[in-house]
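The values are calculated or read from the model by the stated rules, or taken from the named source; none is laboratory data. Quick caveat: nothing in here was measured; it's all calculated off a predicted structure. Neighbour counts are summed over all protein chains in view; Cβ atoms, including those assigned to glycine, are modelled from backbone coordinates with ideal geometry.
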Amino acid sequence: MPNRRDIKKDINSVLANVLEECYSEMLNNPEKNDDKINAIIDEAVDLADDLIARVNSSKKLKSGKEMKTNFNTILDDLQDNAINFIEKLNALS
């Protein structure tokens, strides 16, 4: 079972890659879709805050099974949302 620190690193790493793609798209196409890309960036930052808060709240869980289920749910949400962000960004191109 991954620990809190590793999950937080995964969250930051994945969403940093999404943000990097967003900023790269903004630099490569400066006049196109800046508002929509900024919306994706805002969503990604909000997601990071939410997921890290959920990881931090797992300290209150008693059993290892509850923690494992919670961590797996968080990682699934991270993966699904990261794919969604990249698909939104690709649709703008």
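Report yes if ALA53 is more than 15 Å from ASN3 (Cβ to Cβ), surrounded by fewer than 11 Cβ atoms within 10 Å (Cβ to Cβ), of a type outside the set (Asp, Glu) and modelled with pLDDT of 90 or more, otherwise no.
Yes; evaluated as a whole, the condition is true for this residue.
Show the residue pairs that are 6+ apart or on different chains and have beta-carbon atoms under 7 Å apart, the first residue being within the range 37-53 and more than 13 Å from LYS9 (Cα to Cα), the second being of a type in the set (S, T, N, Q).
Within 7 Å, the pairs are LEU47/ASN81.
Sort out which residues of the range 57-93 are of a type in the set (S, T, N, Q), farther than 21 Å from ASP10 by Cα and part of a helix (DSSP H, G or I), and write them in order of number.
ASN90
Consider PRO30 against the criteria (1) in contact (Cβ under 8 Å) with a residue 60 or more places away in the chain; (2) assigned to a loop (DSSP other than H, G, I, E, B); (3) within 20 Å of GLU87 (Cα to Cα): it satisfies all of them except one. Which criterion is unmet?
Tallying (1) in contact (Cβ under 8 Å) with a residue 60 or more places away in the chain; (2) assigned to a loop (DSSP other than H, G, I, E, B); (3) within 20 Å of GLU87 (Cα to Cα), PRO30 fails exactly one: (1).
Only one of LEU89, LEU61 is in contact (Cβ under 8 Å) with a residue 12 or more places away in the chain and not hydroxyl-bearing (Ser, Thr, Tyr); which?
Residue meeting the stated conditions: LEU89.
Give the residue that is surrounded by the fewest Cβ atoms within 10 Å (Cβ to Cβ), with candidates limited to residues of the range 32-50 that are in contact with a Leu (Cβ under 8 Å, 6 or more places away or on another chain) and at pLDDT below 90.
LYS32
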